[in-house]
Amino acid sequence: MAEEYQDLVDNNTWRIISWPPGANVVTVKWIFRHKFHSDGTLARHKARWVIYGFTQCHGVDYDKTFNPVVKPATIWVILSIAASHRWPIHQLDVKNAFLHGHLHEMV
């Protein structure tokens, strides 16, 4: 938890401001998981800080959403091309990723 929180602070994920009157404040919670090695032994404990998005109201707290994900078919195509050309393949595990941008809305 301390490591995850420190990553959020180091990345300047938020800034603390006064609570505006009448604002719908979206609350957060910690999610804990165990990560295991391929042989089933415990690798590490994992903690993530997530928001209760269901407390938001469309048109009030947000207008649109965007979730950048890759479809499995896209991954299969890329792997097929790499295999047919005998290109080396590497995996990247991003520990802490954020979309950087300036919001004009109150969050």
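Each value in this text was obtained by applying a stated rule to the coordinates, not by laboratory testing. What you see is a predicted model; the values in this text were computed from it and never measured.
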Discussion item. Suppose the chain between ILE75 and ARG48 were pulled fully straight at 0.36 nm per residue; how much longer would it get relative to their current alpha carbon spacing?
Written reply: 7.2 nm
Item to complete: For SER38 and TRP19, calculate 0.36 nm times their separation in residues minus their Cα-Cα distance, and state this gained length in nm to one decimal.
Response: 2.2 nm
Practice prompt. Could you calculate the contour length gain from ALA2 to SER84, that is, 0.36 nm times the residue separation minus the distance between their Cα atoms, to one decimal place in nm?
Written response: 25.1 nm
